[in-house]
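Heads up, the thing below is written out as structure tokens.
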Amino acid sequence: MSRNKTATLKTITDTVLSYYPDAKIDLLTKAYHFADEAHRGQLRSSGDPYMIHPTEVALQLAELKLDLASIITGLLHDTVEDTGVTREQIEKDFGADVADLVDGVTKLSKITFRTSEEKQAENFRKMILAMAKDIRVILVKLADRLNNMRTLEHLPQHKRQAIAQETLDIYAPIANRLGISWIKIELEDLCLRHLHPDVYYKLAQKVAMKKAERERYIEEVGGILNEKLKEYELHGSVMGRAKHLYSIFKKMERRNVDFDQLYDILAFRIVVDNITECYKALGVIHATYKPVPGRFKDYIAMPKANNYQSLHTTVIGPYGERVEIQIRTQEMQQVAESGIAAHWRYKEGRFSSSAKDNVEWVQRLLEWHKELKDPNEFLDTVKIDLFAEDVFVFTPRGEVKQLPHGAGPLDFAYAVHTDVGHKCVGAKVNGKIVPLKHRLQSGDTIEVVTSPSQTPSKDWLKLVKSSRAKAKIRAFIKEQERNRAADLGEEMFEKGLRQYERTVKSLEKSGEMQKLIQRFSLQTSRDLYVALGYGRISMEAIITEIVPKEDLEKKQAEGRAEDESFMKRVFKAAQRRSEARNAITVANLDDILIRFARCCTPLPGDSIVGFITRGRGVTVHTAACSKAIDNDAERRVEVRWNAAISENKAVKRHVQIRVLSQDEPGLLAEMSTAISSCGVNIASAQIRTTKDKKAWALFDVEVNDISQLQKVQSALEKKRGVISVERVRS
Ligand code: MN
């Protein structure tokens, strides 16, 4: 689609009026003068006035028959970036639509592509499509890039290489994806010219040298095909053409050969009236020349994602050569040439066709990325967000990371490296410090802030969106939990063995350790400690395995002589633990041993904290307990009361209440009655009087929870003669 027209305000205006007679040309003229003023004095690398570039871009967009806002954007696209013009000024003079478009193009221009890795390039393409929520931004950007590529020879070598590589990696594939094949073809050939000038000029020369030969061949084979079509009453045009240089280059690269045969650079295209005729024409061709098996492709029945439709076949020609043939309708031809741009053409007095093909087109376009949620929404707004579900952000080194929508610094950190994720305390987004809950936007540059003392916590799971980050955090927590259980289990194991004059070493020596591990179907001693720490295996069960029955009985007999037998102590401790375990849930730790601290005797309903205590599992204190406050914060774990606990009343908790009262006869009895009337059992009571005729009473009561205790307290406070009631905390 090269043209001979010189880009001027007049050629733009004429082109627009040719397909859009009602266009507000005043606004276009105003935009032209606005840009001309803004760029005054600036020169292109070629030495030409800068204004030539936006004028060319605008004319290109007019030739694509785009709407007025797109063409005005073409004129203004470099003003914000390169001159003192602000978005506000553009919005005031040309409206929000144009201001948004210019803003979008400016943002895209700021992205510089830094590596040519395949995957990286794909991310960039996606990011660009995601950032340009309005597809017209991409069309303006493509026209901009096309003009820059056409005038690339004025730039120094290294810049030429970089821009050509970026164009080949990013913009040509985008043009292809949008179905605008002529832009793709022209960009690719320009890239080849600047990236591999030797190859380009050699190929161009060879193609030119074979021109006469090619024309003769086209005339011959084209003539035969034309006649055959006529024979079957098919009206179509047959065109033979040389393939574009970049596609010849790729073909040579793929087959690792030098091209020297004519048909390597040739392709025929047959354009007919309708789809039925496409298939008829195919039949005629296959009857004339033998088809090459496996080379037939039906893109009419199954269009490409960019809506390209055509029949492709390869046949054996008159000289035994392979001939590539494409068959399509006029409409398909137009789509193949202009792709998405065709849909914003001015038709029947307005832009954006009502056409349901438009919806279909978009749906197909989106097939390579999930389904479009509401096609009508798209038609209403001409806005398109191909990757609404993702954000694309940069590492400080310019790599692109694709993250789910709503992702934050932690998702990014885990995408970089697991260890970076674990140590992440925050991030700098575009140079500004942000908290972990910050949400990232496409185009952001993220620098992770880490601290060696940081560790993941369960709360992080609420902050992250990516499954990778979630999995890594869960794995860390699980590992940490296992480590704690192992420590605890080891301590319990050593203590338990000591009761029977055994040590880990002695068990290892005798081989009993290995037997024990096998007996519980485990792999290592650490597994045993973990199982013990989690309470999956009891110390009693282990002792039964390694201590002979008679020794056990002997030990029990010795024990009976003492205050309380060992087994009884073990049983009591186990019972206390199981009560505690029913009452409390420890965050991130299943099946761990739990005990209540004696210093503050927490009651269900109290706000509580837990501490890992070596050899004793988790000790639960009230949050206000002074011992808890003194405890090492590193050992702290989150604990909470189980909701069901006060209802099933499985746990009676001892608590002490101190009452100060007048020393009056019968008051102690009255107080006892008050406590009992609340359904609370008194385990013991002490009383002592003072010299000033007051009495201190200390009740040890068994309650279910804090609310029952409060009931008791208020019942006592109501008694005549009672001065104060308080719960005893040490
Ligand atoms: Mn530009």
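The values are calculated or read from the model by the stated rules, or taken from the named source; none is laboratory data. In this text, all values refer to a predicted model and were calculated from it rather than measured experimentally. All Cβ positions, glycine included, derive from the backbone under ideal geometry; neighbour counts span all protein chains shown.
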Tally of residues being surrounded by fewer than 18 Cβ atoms within 10 Å (Cβ to Cβ) and either of a type in the set (Ser, Thr, Tyr) or away from the ligand (no atom under 11 Å from the Cβ) (or both) across segment 66-87: 4
Single condition ARG40 does not satisfy, out of (1) assigned to a helix (DSSP H, G or I); (2) more than 16 Å from the ligand (Cβ to nearest atom); (3) out of contact with any helix residue (DSSP H, G or I) (no Cβ under 8 Å at 6 or more places or on another chain); (4) not aromatic (Phe, Trp, Tyr): (1)
Single residue of ASP298, ASP273 found to be surrounded by 14 or more Cβ atoms within 10 Å (Cβ to Cβ), on the phi < 0 side of the Ramachandran plot and not aromatic (Phe, Trp, Tyr): ASP298
Failed condition for GLU447, given (1) farther than 30 Å from LYS107 by Cβ; (2) free of Cβ contacts under 8 Å to residues at least 60 places away in the same chain: (1)
Count - residues of segment 18-28 that are assigned to a helix (DSSP H, G or I) and surrounded by fewer than 15 Cβ atoms within 10 Å (Cβ to Cβ): 3
Count - residues of segment 21-55 that are free of Cβ contacts under 8 Å to residues at least 40 places away in the same chain, on the phi < 0 side of the Ramachandran plot and not β-branched (Val, Ile, Thr): 12
Total residues in segment 511-559, condition aromatic (Phe, Trp, Tyr) and part of a loop (DSSP other than H, G, I, E, B): 1
Residues of segment 435-464 classified as within 13 Å of LEU410 (Cα to Cα) and not in a loop (DSSP other than H, G, I, E, B), total: 9
Residue match in segment 438-450 (condition: surrounded by 17 or more Cβ atoms within 10 Å (Cβ to Cβ) and among the small types (Gly, Ala, Ser)): yes
ILE90 being hydrophobic (A, V, I, L, M, F, W, C), assigned to a helix (DSSP H, G or I), within 16 Å of the ligand (Cβ to nearest atom) and at pLDDT below 90: no
Of the criteria (1) exposed (fewer than 13 other Cβ atoms within 10 Å of the Cβ); (2) at pLDDT 90 or above, which one SER2 fails: (2)
Near pairs, Cβ below 7 angstrom, 6+ apart or cross-chain, from segment 538-559 (surrounded by 13 or more Cβ atoms within 10 Å (Cβ to Cβ)) to any residue that is polar (S, T, N, Q) and modelled with pLDDT under 80: GLN556/SER565; GLY559/SER565
Residues that are farther than 19 Å from ILE71 by Cα, crowded, with 19+ Cβ neighbours inside 10 Å and under 29 Å from the mean Cα position of the chain (by Cα), drawn from segment 164-191: GLU166, THR167, LEU168, ASP169, ILE170, TYR171, ALA172, ILE174, ASN176, ARG177, GLY179
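I need a count of the residues in segment 606-644 that are of a type in the set (Asp, Glu) and modelled with pLDDT of 80 or more.
The number of residues fulfilling the criteria is 1.
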Tally, over segment 43-65, of residues that are surrounded by fewer than 19 Cβ atoms within 10 Å (Cβ to Cβ) and within 16 Å of the ligand (Cβ to nearest atom): 7
Cβ pairs under 8 Å, 6+ apart, first in segment 66-80 and more than 16 Å from GLU37 (Cβ to Cβ), second within 10 Å of the ligand (Cβ to nearest atom) and part of a helix (DSSP H, G or I): SER70/VAL140; THR73/VAL105; THR73/VAL140; GLY74/PRO54; GLY74/VAL57; GLY74/VAL140; GLY74/ALA143; GLY74/ASP144
Hey, LYS107 surrounded by fewer than 24 Cβ atoms within 10 Å (Cβ to Cβ), in a helix (DSSP H, G or I) and either at pLDDT 95 or above or of a type in the set (Val, Ile, Thr) (or both) or not: no
Residue in segment 94-101 that is farther than 17 Å from ALA31 by Cβ, at pLDDT below 90, part of a helix (DSSP H, G or I) and more than 16 Å from the ligand (Cβ to nearest atom) present: no
Residue within segment 552-569 that is at pLDDT 75 or above and either among the small types (Gly, Ala, Ser) or touching a strand residue (DSSP E or B) at 6+ places or on another chain (Cβ under 9 Å) (or both) present: no
Test result for LEU9, buried (at least 16 other Cβ atoms within 10 Å of the Cβ), away from the ligand (no atom under 16 Å from the Cβ) and farther than 16 Å from THR151 by Cβ: yes
Conditions (1) within 26 Å of ARG598 (Cβ to Cβ); (2) surrounded by fewer than 15 Cβ atoms within 10 Å (Cβ to Cβ); (3) within 60 Å of the chain's Cα centre (by Cα); number of the one not met by LEU709: (2)
